[in-house]
Every structure is written in C-alpha cells, then in structure tokens.
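The values are calculated or read from the model by the stated rules, or taken from the named source; none is laboratory data. This is a predicted model, so every value here is computed, not measured. When we count neighbours, we look across all protein chains shown, and the Cβ atoms used for this are built from the backbone with ideal geometry, even at glycine.
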Amino acid sequence: MENTINFLLEQLTTFYKYTSFYNFTIGHFIMIVIGLIFIYLAITKEYEPLLLIPIGFGIILGNIPYNPSLQIGVYDHCQGDIYSSGACGSVLSYLYIGVQQGIYPPLIFLGIGAMTDFSTLLSNPRLILIGAAAQFGIFGAFTLALLLGFAPNEAGAIGIIGGADGPTAIFLSSKLAPQFMGAIAISAYSYMALVPVIQPPIMKLLTNKKERLIKMKPPRAVSKTEKILFPIIGLLFTCFIVPSGLPLLGMLFFGNLLKESGVTRRLANTASGPLVDIVTILIGLTVGASTQADVFLRKESVLIFMLGAGSFIIATAFGILFVKFFNIFLKEGNKMNPLIGNAGVSAVPDSARVSEMIGLHYDKTNHLLMHAMAPNVAGVIGSAVAAGVLLSFLY
C-alpha cells in the first residue's frame, strides 16, 4: 500500500513538473499580457486585425511554458538526420522555417503586387520621390542604432523598421540579425498597426492650415499598356541597381503583372486572396510565437522598440517636409498637399487613409486618398530597395 502511494505521489510530482504552472515565470506573464493587448487593440480599435490577432495569439502560444524535454516550441528544431532519428522537432519550428529562411516575405509581396493598383503613381511619377524621402527614417534609425552600440548588421536590420513594412523587416532581419528577428518584427507590425495614432499629431505639427487645404489636380487616366509595362520596367530598373532586393521586388512586380496583364486573373486572385491570407496567418502566428520570454525580454528588445518608434517618426516627418520643400519650386495650382507626405511609409493602405482622414477634417470636399496612394505604393518599392541596399553592404 505504501509503495503504491509513493508511486502515485511520484507520478503526480512528475506530472506537475510537466505543467505550465511549474515552469511559469514573471516573463511569461508579461508576454501573455502583451499578447492580450494586441488582440484587444485588434478587436476593439480595429488596428490591423489581420496582423495583430495572429501575432497576439502567437505571443500567448509562445509563452505557455513547458518542460524542455517535450520539444514543442518554435525554437525546438530537429537535431541531426530526421530520417534516422525518427520524429523530431515541433510543428511550430517547421512553420517558423518560413520566417527564418525568408520564405514568407516574398510570398506576401507577391500578394501585395497582385492587389496593388499603381495607376496613381504612373499618372504623377514625381510622387515616387515622396516614397523615397520617407526612407530617410530607415537610415536615420540605422545611424542611431550604430551610436547605441549595435553592430552594423544589427543596426541595418533595426533601421528597416522605419519603412513600416513587416515582411521587409522579417526578410532583412532573417539575413542580418536573426537573433533580433522577433523584436524587429513585433516592432514593425506594431507601428504599422498604430499608424492612425502616431502619424496625425506629426502631420498637424509640421503643416499649417493653408497647406492642409491645398487641393490637388485629379490624376490622369492611365492606359492598359502603361500598367503592363510598369512591372517589367520597374523590375529591370530596380533590380539592376539593387539585385539583392530581387526576392522582394521580383515577387512584387510579378504579382502586379499577373493583375494587370488581364489574362491571368485566376492566378492574380489566388495570389491576392487565399495565398496571401494563408501566409499572413503563418507569418503572424510564428513571429508571435518566437517572442518567448527568455529570448525576447532583454534590454536590446526595448532599445529596438524605441529605435523603431524613432525611425517611424523620422520617416513620417521627412515625407511631409519633402513635400513642403518640393512645393517651393511648383507654381500655384500645381502644388501638392503636404498631408500626403506621411503616406511615403509603406503601411499600405493605412497611411494613405490617414492622409484622407486628416484632409477631410479640414475640408469635407478635399479627398486625398488617391493622391496619397501614389507615395504609399512607392514606399513599398522604396523600403524593398532600401533593404536591398543594406543587404548589399552588410550581409
């Protein structure tokens, strides 16, 4: 009888050591709360719910502690030969390979290309300069990260947060600073989601009432031939300059050609619908799960988050200030509304919607959305080019 009781107590003790209660730490609690905040913001405030809900749930999933011997976490990779050692690794670790090896970001760019209309950019090509100006946020954060003691490759990966482009941030950090990938990805997606909160105060601070009331000429009609030629010429032009950006830029322009050719509608619909939805789920869930407390909660993560905020503010400010500067050389009637300068970051289409929202606040008839979409999609191209430049020098 005594042996039986001892055996049962032993088994219960062993079972308890395998529960999350035994392995739980304050770090896990903090990260689970962060995950819940992401989900709350997505549902109640509708801040990028397609991103924040998978990421928030992934954060919770990745911070349910377990006994290391179970090998069920995102970092529990298969050791040795999978065929000789039997089942090894975890499902999450296999899904996370798509992040680590930079597989998911190009697929996201394929979907973005297939759902993006570059007509407004083609109708007024000078607006691409706004997207280029906003990339100063990337290089500003890169410089700040160097000053704070990060290695050049780490600083490059951190700086890309200023582009407000999650897939690009994941792609570059997987190459340059995989140890900070979770912090960089979470920062990038957080600031993408908070575009409606962060950008309006900067826009109001840097513009006056007269500038906010500027009405821009309607964009001209763009021919089908122009739309078809753009992804081909865009691919050749950008990738001959920055071939290291080929995985992102190639897929972006390929997706756009599928859309604009008019003869591959099924492929374009698949790329812009089911495919991008599946990859968004996988990238959000696994990036969230990669924020395990023991890996994520360190001072570098806090610094990265602060630098991400700085780079995003710099990018927004440079876009607005560039429009104001450009207007000096334009005649009255051809001037651009500086409120579209914020859209130079590549948070598509949220930053363009913010331009529209602020414009309508000051003049109910002043619709800026179509104008803002031009620098917005230019920002997507610009951030991918910037990533290619950084990769060329730092990889």
From the list Ala183, Ala155, Ala169, Ala164, exactly one residue is closer than 26 Å to Asn376 by Cα, of a type in the set (Gly, Ala, Ser) and in contact with a Pro (Cβ under 9 Å, 6 or more places away or on another chain). Which is it? Ala169
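Answer with yes or no whether Leu246 is more than 30 Å from Ile30 (Cα to Cα) and surrounded by fewer than 18 Cβ atoms within 10 Å (Cβ to Cβ). Before you say what the answer is, go through the steps one by one.
Values: more than 30 Å from Ile30 (Cα to Cα): yes; surrounded by fewer than 18 Cβ atoms within 10 Å (Cβ to Cβ): yes.
The answer is yes for Leu246.
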Can you give me the number of residues within the stretch 311-358 that are in a helix (DSSP H, G or I) and crowded, with 18+ Cβ neighbours inside 10 Å? 28
Specify which of the listed residues (Ala188, Ala157, Ala193, Ala151) is assigned by TED's automatic domain parsing to the domain that holds His361, modelled with pLDDT of 90 or more and buried (at least 24 other Cβ atoms within 10 Å of the Cβ). Ala157
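Among Phe318, Phe305, which is the only one that is within 16 Å of Tyr189 (Cβ to Cβ), in contact (Cβ under 8 Å) with a residue 12 or more places away in the chain and not polar (S, T, N, Q)?
Numbers: Phe318 fails: within 16 Å of Tyr189 (Cβ to Cβ).
Criteria check complete, one pass: Phe305.
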What is the residue count in the stretch 248-266 for residues that are in a helix (DSSP H, G or I) and without any contact (Cβ under 8 Å) to a residue 12 or more places away in the chain? 2
Pairs needed: first member in the stretch 365-382, polar (S, T, N, Q); second member anywhere, surrounded by fewer than 24 Cβ atoms within 10 Å (Cβ to Cβ); C-beta distance under 7 Å; at least 6 residues apart or different chains. Asn366/Leu213; Asn366/Lys215; Asn366/Leu360; Asn376/Val348; Asn376/Pro349
Of all the residues that make up the stretch 22-57, how many are within 15 Å of Tyr189 (Cβ to Cβ), in contact (Cβ under 8 Å) with a residue 24 or more places away in the chain and surrounded by fewer than 17 Cβ atoms within 10 Å (Cβ to Cβ)? 1
Between Ile233, Ile214, which is of a type in the set (A, V, I, L, M) and more than 30 Å from Asn366 (Cβ to Cβ)? Ile233
Return yes or no: is Val295 out of contact with any helix residue (DSSP H, G or I) (no Cβ under 6 Å at 6 or more places or on another chain), more than 24 Å from Ala134 (Cα to Cα) and not in a helix (DSSP H, G or I)? no
